[in-house]
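The structure appears below as structure tokens.
The values are calculated or read from the model by the stated rules, or taken from the named source; none is laboratory data. Source: prediction; values computed, not measured. So basically every Cβ, Gly included, is an ideal-geometry build from the backbone, and we count neighbours across all protein chains shown. In case anyone asks, the SASA skips ligands and DNA or RNA and just uses the protein heavy atoms, side chains included. Shrake-Rupley method; radii C 1.70, N 1.55, O 1.52, S 1.80 Å.
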Amino acid sequence: MYIVTVSFQIKPAHMAAFMPAMQANADESLLREPDCHQFDVCVARDDPNRVFLYEVYTSAEAFQAHLAMSHFKTFNTQTTPWVESKAVNLYARD
């Protein structure tokens, strides 16, 4: 399996709008992408503006397909101005 984690720091003024957009992206990914097996959206207990994603895909190619999906592109375009910082990490899980 191909694991993707993403840590976002969201600008406080945009957090209320970011979370529904983020959850809609996660829901669409699970619904429309058969090779997306898990997409968890978490908020840090000690920082309400820090969001952590844990995503599981069949392969690196499946993740690249996710990045090409219209729902992801719409989410990314909409939310990029709301993000203070973003860190993506990639892992393998047997």
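List of remarks:
- Quotient of Cα Rg and 2.2 N^0.38 Å for the chain, N being how many residues it contains: 1.04
- With a 1.4 Å probe rolled over the protein heavy atoms of all chains, the accessible area of HIS37, HIS14, HIS66, HIS71 falls in the order HIS37, HIS14, HIS71, HIS66, largest first.
- Taking every alpha-carbon pair under 8 Å whose residues sit at least 6 apart, the chain reaches a relative contact order of 48 percent.
- Dipole magnitude for the chain: about 280 debye, using +1 per Lys or Arg Cβ and -1 per Asp or Glu Cβ, origin at the Cα centre.
- For a modelled paramagnetic label at ASN89, 7 Å from Cα along Cα-to-Cβ, the residues of the range 41-67 in reach, with backbone nitrogen under 20 Å, are 41-60, 63-64.
- Formal net charge of residues neighbouring VAL41 (Cβ-Cβ distance under 11 Å; K, R +1; D, E -1): -3
- Carbon and sulfur %, accessible surface of the chain computed with the full protein complex present, 1.4 Å: 55 percent
- Solvent accessible area, Å² - THR77, 1.4 Å probe, full protein context: 110 Å²
- Tensor-based shape of the range 21-69 (alpha-carbon gyration tensor, a/c under 1.5 rounded, otherwise prolate or oblate): prolate
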